[in-house]
Every structure is written in C-alpha cells, then in structure tokens.
Amino acid sequence: MIKVQREAFDASDLLRDFTDGCCKSGYEDGAIVSFTGLVRGQAKEKQTKQKKEGLVLRQAQDEAGPSTGPSGSVTTLELDHYPQFTEKMIASFEQEARRLWPVNHVLIVHRYGRMAPGEAIVFVATASAHRKDAFEAADYLMDRLKTDAPFWKKEKTATGEAWIEPTERDYAAREEWSHSKK
C-alpha cells in the first residue's frame, strides 16, 4: 500500500496497524521491518553551480567539511510533487521489491508539504517469512525513494533556502542493488 499525504503521521500507529494487518492475513510472516525517516535539524550542504528557479541547487554533504551554501539550523523542509506521477513511480518501486524478494506486505507512506525538523517524512514497512528478505526489501525501497521518487525538496535555514538533491552516496547505494539482485 502506498500513501502520499500532506498530513503528519505517527510511525508507531502505522507499525501497529501494519503488524495487525499482517497477522489478520495469516501467520506466514516471520519478520517485519520498518524505517522512519525524519526531517534533519542541521543543514550541511555543498553548493553546486547549477541553478533551478532562481535558487541555488546543492547537494547535502555526507562527509564532514566546510559548508559553502546556506547553513545552520533547518527551519523547514518543503516537498512538492506531481500527484499521479509520484504514486505511479513509487508503485513501480514496490513492484520491483516484490519481484526481487518474497515480501508478503509492504507499506510506504511519504509526506509532502511543509515540515519542521524532527517530523516524520517517510515510513516504510515490509513483511516476509524471513528477516533478511524483509530488511533488504525495506532498504531497497528507501534507496529508491531517496534517489528516484519525484519529489522536489527545498530546505530553509536562517541564512537562506536551497533545493536539495540526493548525494553521491545515495546514488551509490541505489546502484549496488543493480549489481546484487537481478
């Protein structure tokens, strides 16, 4: 199941409902894995020379180092999307995960709109007979959401705002899947 929504969600409620749903459909699942992504409170960016809609486009910097773009505490993260296209893309990620691993249940919830640091932005849960399949499917889904889901992200700090993109590290993690499973 896929939900793309503006409203905040409680990850513990989602996990409880997901677990209850898995149990109601039988007891074939021996493992449930979930991941909740939160809006970060600190901006650590590396500015690029590209421009998008008059704002600086930058990449979040995974490695420690000096920041050359707007920095400091994040005040808000804004996400926008193209509704039908976004859901269709995320559904294709779910279908691929089900093709690669024997998962019985999948839940993906992704928010859009304006969010504050500490708020949940994404929730992914997978259920399978075995833990390795559930872990790998959830990890794969997060890598695809991070790099390929069509969301536009703008981070705002006290010193400015900038569009953010996945990092090289994010793309490398996604690329590993194309070599490990086919």
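What the table shows:
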read-out	value
Full-extension gain in nm, THR147 to ARG131, via 0.36 nm per residue minus C-alpha separation	3.3 nm
Cα shape, segment 67-154, gyration tensor, a/c 1.5 rule	prolate
Filter on LYS24/LYS146; LYS88/LYS153; LYS3/LYS88 - keep pairs with C-alpha separation over 22 Å	LYS24/LYS146
Amide H within-cut-off set for TYR112, under 5 Å, with H built and near neighbours excluded	GLN5, ARG6
Two-site FRET efficiency, SER12 against ALA172, from Cβ-Cβ distance with R₀ of 30 Å, rounded to 0.05	0.40
Computed E for GLU28/THR75 - FRET, C-beta separation, R0 30 angstrom, nearest 0.05	0.10
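Laboratory data are not the source of any read-out in this text; all were calculated from the coordinates shown. None of the values given here were measured: they were computed from a predicted structure. Backbone-built Cβ (ideal geometry, glycine too); neighbour counts: all protein chains shown.
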